[in-house]
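The values are calculated or read from the model by the stated rules, or taken from the named source; none is laboratory data. This one's a predicted model, so the numbers in the text were calculated from it and none came from an experiment. Quick reminder, even Gly has a Cβ in these numbers, built from the backbone with ideal geometry, and neighbours come from all protein chains shown. Note: areas computed on protein heavy atoms with side chains; ligands, DNA, RNA excluded. Shrake-Rupley method; radii C 1.70, N 1.55, O 1.52, S 1.80 Å.
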Protein chains: 2
Amino acid sequence: MSKNGNGGLSPIRHHNFCAGPAALPTAVLERARDELLDYHGLGLSVMEMSHRAAEYVAIAEKAESDLRELLAIPANYKVLFTQGGATQQFAAVPFNLLGAGGRANFVTTGIWSNKALAEADHLFGDSRVAASSEANGHVAVPRPRDIVLSDDAAYLHYTANETIGGLEFDYIPDARRPDGSDVPLVCDLSSSILSGPLDVSKFGVIYAGAQKNIGPAGLVVVIVRDDLLDRARDDMPSLFSYQALSDAGSMINTPATYSWYLAGLVFEWLKDDIGGLGAMDIINQRKADKLYAAIDASDFYSNPIAPLNRSRMNVPFVLADSRLDKRFLAESEAAGLLNLKGHRSVGGMRASLYNAVPEAAVNALVDFMADFEQRNG
Amino acid sequence: MSKNGNGGLSPIRHHNFCAGPAALPTAVLERARDELLDYHGLGLSVMEMSHRAAEYVAIAEKAESDLRELLAIPANYKVLFTQGGATQQFAAVPFNLLGAGGRANFVTTGIWSNKALAEADHLFGDSRVAASSEANGHVAVPRPRDIVLSDDAAYLHYTANETIGGLEFDYIPDARRPDGSDVPLVCDLSSSILSGPLDVSKFGVIYAGAQKNIGPAGLVVVIVRDDLLDRARDDMPSLFSYQALSDAGSMINTPATYSWYLAGLVFEWLKDDIGGLGAMDIINQRKADKLYAAIDASDFYSNPIAPLNRSRMNVPFVLADSRLDKRFLAESEAAGLLNLKGHRSVGGMRASLYNAVPEAAVNALVDFMADFEQRNG
């Protein structure tokens, strides 16, 4: 893959801070473009291949094996490539894990974890909040000792990174009932998967919508420990079944073949161009540190999150004078800094610094912010 | 859009008869390629746009309005762009239509209609076969008088075109209970939607996986009459809800944005390059007539389907001597005629002649078949 993916951008490409669907590496898009009409001389596009064709199966298997290598996924975990985004997993998780009884337990830390809880509740009722940061306005995640599961907990669900709030866990919770027995830990990792190394062995189920650090929207990756495949409810839509997806190599029906291929290109870029998740972690830390430092050094900008839980991927900030918001957004866009508007539910600004956002983009943003402050402060 | 989409192929593109994911118009892929790194000078790819961005919403709305125009969809129908393929709709349809009680009724004509029935049965039991072509080996669809609904029918489901069997309805069934009262007609149109004009007003629900005549795999289009939005079961996964999808403009969560965009390019190609579904219908009829004529004129090739129900989209055929199958497939592939192998469940050959398969491809196939017969007959 060409080497300009995370470095300078080609002249036509602007800096894209979108929260999702998010920026993809330029090198990945260049390769997709070059292969779009004719994949490796086969005379057709990847989009036009049967998912059963040997060439496509090789693409799919390479993507899985690269993802396994990047995250060092243990052999007793299945990797599934399915559809419907994280929101579909809000339903699929309880369908797959509540078949042997028990209650879903949740740590709620903002909009996305509450949505996951609401869907489990809508379907099966009786969900339990094991801990919440609601009392502090979701600016700091609950500490480990504050997470108290119910005696009948079937699993504990949490959201590693709240994309809208910009709140990220600084630790992996322990999922134990009051009697000390383990329950599976389930994590929505949509907006921080692949941002750095991860100890997958701590988890029962990990799921992640692709449209932040994996690939285009419409794909969701599920990583599930194989001893959990027998806990499903019988009344589940067939496509939700982790067991059935696993048995079929994620091909119960036609998968999102092109999105899967693009995810594979992103995995390859992470391995070959970036050098793996250790290297990615360092770059991401540097990017986030730089932006938070700029925010903290000024009274003009502010971010409300406790330092320990500041998200490396999504940095919301507000201007001291919100009447300047429109001007900030218009001028930043004119300067080639795209999609800095905060989520409609919270307003202000948000800069998402996913893997594909190069350090040069953060430098340009920090420079713009300083200049804007000087002109308007 | 460039005009070589349905005419000659560019030298690098072979003739692709895949049943799905299937051929896309070369002109569509060329445009996607040209726009891949920078959409209309905005400095980012369509894949990298927020689904809430004005530019993306314009893409999504244009796709819907072009589809409405192509199919002359009446104003009292909602058009939804969702995920999970037709297989997810096998579950979503009963969830959406059985909330007021009653039984799902099915016409079964092969593998796909039986899968739709099996999923409804798996979820809610008690599905009824209103008619079946099983007795004739699925070579002719039931006649209208043979379709007998139950007194408590909630809807009648059928599969307009069986992709594997190559069996296509020559009429739109009447969906009436024995007492003469109407029930909604539900149709899986995955493999024949947009192959010609359609009277949408005859249907309650139409759904179609994209990966044949619409776009890439991972997208499914649902067209639903608005008076049916209030019949849903309460225990439905939120993403399945036609009402919720309709209220949110298909954006309950992040949709498959890039697939939706590509579908829009296909709709534009159908309108502007082909001239609409009337013109497409004539081309498709000519393509199918030519291939069936070649099969019928020879004792070397045969197709078992009753002439009235021969699919225009999927033409299965066998060689009189199946020991020649491997040679046929190897030589056709070497001649640039790709993916002619029949479905693994039936063997033999299958040529899918979807909209994006140009007449030149059929000519090349017919010529190859005659030549192969001469050398091996």
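For the subset of region A:20-44 comprising residues that are outside any helix (DSSP H, G or I) and either closer than 9 Å to B:ARG33 by Cα or charged (D, E, K, R) (or both), which member is most open to solvent (accessible area, probe 1.4 Å)?
Within region A:20-44, the first condition is being outside any helix (DSSP H, G or I), and the residues that meet it are A:20-25, A:36-44.
After this cut, where a residue has to be either closer than 9 Å to B:ARG33 by Cα or charged (D, E, K, R) (or both) as well, the list is A:36-38.
Values: A:LEU36: 1, A:LEU37: 9, A:ASP38: 32 Å².
So the residue we want is A:ASP38.
Do we find a residue being basic (Lys, Arg) and within 20 Å of B:LEU24 (Cα to Cα) anywhere in region B:301-322? Talk me through it step by step, then tell me what you get.
Filtering region B:301-322 down to residues basic (Lys, Arg) leaves B:310, B:312.
Add one more test, that the residue is within 20 Å of B:LEU24 (Cα to Cα), and what stays is B:312.
Checking region B:301-322: at least one residue is basic (Lys, Arg) and within 20 Å of B:LEU24 (Cα to Cα).
With more than 29 Å from B:HIS343 (Cα to Cα) and in contact with an Asp or Glu (Cβ under 9 Å, 6 or more places away or on another chain) as the only criterion, which of B:ALA175, B:ALA244 stands out? Spell out how you get there, then give the answer.
Details: B:ALA244 fails: in contact with an Asp or Glu (Cβ under 9 Å, 6 or more places away or on another chain).
Result: B:ALA175 is the single residue among B:ALA175, B:ALA244 that is more than 29 Å from B:HIS343 (Cα to Cα) and in contact with an Asp or Glu (Cβ under 9 Å, 6 or more places away or on another chain).
Scan region B:289-301 and tell me whether some residue there is within 22 Å of B:GLN211 (Cα to Cα) and either assigned by TED's automatic domain parsing to the domain that holds B:ALA92 or not in a loop (DSSP other than H, G, I, E, B) (or both). Walk me through how you get there before you give the answer.
Initial filter on region B:289-301 (within 22 Å of B:GLN211 (Cα to Cα)): none.
No, region B:289-301 has no match at all.
Checking A:ALA53 against (1) surrounded by fewer than 24 Cβ atoms within 10 Å (Cβ to Cβ); (2) more than 25 Å from B:HIS14 (Cα to Cα), only one condition comes out false. Which one?
Of the numbered conditions (1) surrounded by fewer than 24 Cβ atoms within 10 Å (Cβ to Cβ); (2) more than 25 Å from B:HIS14 (Cα to Cα), the odd one out for A:ALA53 is (2).
Would you mind stating whether B:GLY125 is touching a strand residue (DSSP E or B) at 6+ places or on another chain (Cβ under 7 Å), over 16 Å from B:GLY204 (Cα atoms) and open to solvent by less than 40 Å² (accessible area, probe 1.4 Å)? Before the answer, list the steps.
On the way: touching a strand residue (DSSP E or B) at 6+ places or on another chain (Cβ under 7 Å): no; over 16 Å from B:GLY204 (Cα atoms): yes; open to solvent by less than 40 Å² (accessible area, probe 1.4 Å): yes.
In short, no.
Does region B:165-211 hold any residues that are of a type in the set (Val, Ile, Thr) and open to solvent by 10 Å² or more (accessible area, probe 1.4 Å), and which are they? Please lay out each step first, then the result.
At the first step, the residues of region B:165-211 found to be of a type in the set (Val, Ile, Thr) are B:172, B:183, B:186, B:193, B:200, B:205-206.
Matches in region B:165-211: B:ILE172, B:VAL183.
Right, A:ALA293: free of Cβ contacts under 8 Å to residues at least 40 places away in the same chain, within 14 Å of another protein chain (Cβ to nearest Cβ) and open to solvent by 10 Å² or more (accessible area, probe 1.4 Å) or not? If you could, list the steps in order and put the result at the bottom.
Values: free of Cβ contacts under 8 Å to residues at least 40 places away in the same chain: yes; within 14 Å of another protein chain (Cβ to nearest Cβ): no; open to solvent by 10 Å² or more (accessible area, probe 1.4 Å): yes.
So A:ALA293 fails the test.
Within the group B:ALA22, B:ALA53, B:ALA27, B:ALA72, which residue is in the same structural domain as B:PRO184 (by TED's automatic domain parsing) and in contact (Cβ under 8 Å) with a residue 12 or more places away in the chain? So that I can check it myself, show each step before the final result.
Details: B:ALA22 fails: in the same structural domain as B:PRO184 (by TED's automatic domain parsing); B:ALA53 fails: in contact (Cβ under 8 Å) with a residue 12 or more places away in the chain; B:ALA27 fails: in the same structural domain as B:PRO184 (by TED's automatic domain parsing).
Sole residue among the options that is in the same structural domain as B:PRO184 (by TED's automatic domain parsing) and in contact (Cβ under 8 Å) with a residue 12 or more places away in the chain: B:ALA72.
What residue, of B:ALA208, B:ALA217, B:ALA120, is touching a residue at least 40 places away in the same chain (Cβ under 8 Å) and touching a helix residue (DSSP H, G or I) at 6+ places or on another chain (Cβ under 6 Å)?
On the way: B:ALA208 fails: touching a helix residue (DSSP H, G or I) at 6+ places or on another chain (Cβ under 6 Å); B:ALA120 fails: touching a residue at least 40 places away in the same chain (Cβ under 8 Å).
Unique residue meeting the criteria: B:ALA217.
Against the condition within 14 Å of chain A (Cβ to nearest Cβ), under 24 Å from the mean Cα position of the chain (by Cα) and surrounded by 23 or more Cβ atoms within 10 Å (Cβ to Cβ), how does B:ALA63 come out, does it pass?
No, not satisfied.
Could you list all residues from region B:87-113 that are crowded, with 24+ Cβ neighbours inside 10 Å and either more than 19 Å from the chain's Cα centre (by Cα) or within 14 Å of chain A (Cβ to nearest Cβ) (or both)?
Of everything in region B:87-113, those that are crowded, with 24+ Cβ neighbours inside 10 Å and either more than 19 Å from the chain's Cα centre (by Cα) or within 14 Å of chain A (Cβ to nearest Cβ) (or both) turn out to be B:GLN88, B:GLN89, B:PHE90, B:ALA91, B:ALA92, B:VAL93, B:PRO94, B:ASN96, B:LEU97, B:ALA104, B:ASN105.
With respect to B:LYS78, is the statement that it is more than 8 Å from chain A (Cβ to nearest Cβ) and in contact (Cβ under 8 Å) with a residue 60 or more places away in the chain true?
Working: more than 8 Å from chain A (Cβ to nearest Cβ): yes; in contact (Cβ under 8 Å) with a residue 60 or more places away in the chain: yes.
The answer is yes for B:LYS78.
Taking into account only those residues within region A:1-54 that are among the β-branched types (Val, Ile, Thr) and modelled with pLDDT of 95 or more, which is nearest to B:SER352 (Cα to Cα)? Walk me through it before giving the result.
First, pick out the residues of region A:1-54 that are among the β-branched types (Val, Ile, Thr): A:12, A:26, A:28, A:46.
Narrowing the set further to residues that are modelled with pLDDT of 95 or more leaves A:26, A:28, A:46.
Values: A:THR26: 35, A:VAL28: 31, A:VAL46: 17 Å.
Checked region A:1-54; the qualifying residue nearest to B:SER352 (Cα to Cα) is A:VAL46.
Which members of region A:201-225 meet the condition of being out of contact with any strand residue (DSSP E or B) (no Cβ under 6 Å at 6 or more places or on another chain) and not in a loop (DSSP other than H, G, I, E, B)?
Matches in region A:201-225: A:SER201, A:LYS202.
Give the residues of region B:214-225 that are more than 15 Å from B:GLN88 (Cβ to Cβ) and open to solvent by less than 10 Å² (accessible area, probe 1.4 Å), sorted by residue number.
Looking only at region B:214-225, we keep the residues that are more than 15 Å from B:GLN88 (Cβ to Cβ), and these are B:214-216, B:223, B:225.
Residues satisfying the conditions are B:ILE214, B:GLY215, B:PRO216, B:ILE223.
Residues checked against (1) modelled with pLDDT under 95; (2) open to solvent by 40 Å² or more (accessible area, probe 1.4 Å); (3) within 16 Å of B:ARG310 (Cβ to Cβ); (4) not in a helix (DSSP H, G or I):
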position	(1), (2), (3), (4)
B:ARG323	no, yes, no, no
B:LYS326	no, yes, no, no
B:GLU331	no, yes, no, no
B:GLY347	yes, no, no, yes
B:TYR354	no, no, yes, yes
B:ASN363	no, yes, no, no
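Just wondering, is there one or more residues in region A:270-279 that are within 12 Å of chain B (Cβ to nearest Cβ), without any contact (Cβ under 8 Å) to a residue 24 or more places away in the chain, open to solvent by 30 Å² or more (accessible area, probe 1.4 Å) and not basic (Lys, Arg)?
Here is the first cut: in region A:270-279, the ones within 12 Å of chain B (Cβ to nearest Cβ) are none.
Looking for residues that are within 12 Å of chain B (Cβ to nearest Cβ), without any contact (Cβ under 8 Å) to a residue 24 or more places away in the chain, open to solvent by 30 Å² or more (accessible area, probe 1.4 Å) and not basic (Lys, Arg), one finds none in region A:270-279, hence no.
I want to confirm something. Restricting to region B:138-164 and keeping residues that are farther than 13 Å from B:VAL107 by Cα and touching a Phe, Trp or Tyr at 6+ places or on another chain (Cβ under 9 Å), which single residue is surrounded by the most Cβ atoms within 10 Å (Cβ to Cβ)? Can you show your working first?
Start the filter on region B:138-164 by keeping residues that are farther than 13 Å from B:VAL107 by Cα, which leaves B:139, B:151-152, B:154, B:163-164.
Subsequent filtering for residues that are touching a Phe, Trp or Tyr at 6+ places or on another chain (Cβ under 9 Å) retains B:163-164.
On the way: B:THR163: 28, B:ILE164: 19.
Filtering region B:138-164 for residues that are farther than 13 Å from B:VAL107 by Cα and touching a Phe, Trp or Tyr at 6+ places or on another chain (Cβ under 9 Å), the one surrounded by the most Cβ atoms within 10 Å (Cβ to Cβ) comes out as B:THR163.
Does region B:156-176 include one or more residues that are aliphatic (A, V, I, L, M) and within 14 Å of another protein chain (Cβ to nearest Cβ)?
From region B:156-176, those aliphatic (A, V, I, L, M) are B:156, B:160, B:164, B:167, B:172, B:175; that's our starting set.
Next cut, within 14 Å of another protein chain (Cβ to nearest Cβ) only: B:164.
Yes - at least one qualifying residue is present in region B:156-176.
Give the residues of region B:20-42 that are more than 8 Å from chain A (Cβ to nearest Cβ) and in contact with a helix residue (DSSP H, G or I) (Cβ under 8 Å, 6 or more places away or on another chain), sorted by residue number.
Result: B:PRO25, B:ALA27, B:VAL28, B:ARG31, B:GLU35, B:TYR39, B:HIS40.
Can you name every residue in region A:66-78 that is under 16 Å from the mean Cα position of the chain (by Cα) and open to solvent by less than 10 Å² (accessible area, probe 1.4 Å)? I'd like the intermediate steps shown before the answer.
If we filter region A:66-78 for residues that are under 16 Å from the mean Cα position of the chain (by Cα), which is where we start, we get A:67, A:70-71.
Those that are under 16 Å from the mean Cα position of the chain (by Cα) and open to solvent by less than 10 Å² (accessible area, probe 1.4 Å): A:LEU67, A:LEU71.
In the list B:LEU198, B:LEU265, B:LEU189, B:LEU229, which residue meets the criterion of being more than 10 Å from chain A (Cβ to nearest Cβ), touching a Phe, Trp or Tyr at 6+ places or on another chain (Cβ under 9 Å) and touching a residue at least 60 places away in the same chain (Cβ under 8 Å)? Please lay out each step first, then the result.
Numbers: B:LEU198 fails: touching a Phe, Trp or Tyr at 6+ places or on another chain (Cβ under 9 Å); B:LEU265 fails: touching a Phe, Trp or Tyr at 6+ places or on another chain (Cβ under 9 Å); B:LEU189 fails: touching a residue at least 60 places away in the same chain (Cβ under 8 Å).
After applying the criteria, what remains is B:LEU229.
Just name the residue that is surrounded by the most Cβ atoms within 10 Å (Cβ to Cβ) out of those in region B:226-248 that are part of a helix (DSSP H, G or I) and of a type in the set (A, V, I, L, M). If you could, list the steps in order and put the result at the bottom.
Residues of region B:226-248 part of a helix (DSSP H, G or I): B:226-228, B:238-240, B:242-247.
Filter again for of a type in the set (A, V, I, L, M), leaving B:228, B:239, B:244-245.
Working: B:LEU228: 19, B:LEU239: 22, B:ALA244: 16, B:LEU245: 25.
By that ranking, first place goes to B:LEU245.
Among the numbered criteria (1) outside any loop (DSSP other than H, G, I, E, B); (2) within 21 Å of B:ALA86 (Cα to Cα); (3) aliphatic (A, V, I, L, M); (4) open to solvent by 10 Å² or more (accessible area, probe 1.4 Å), which one does B:MET251 miss?
Every condition holds for B:MET251 apart from (1).
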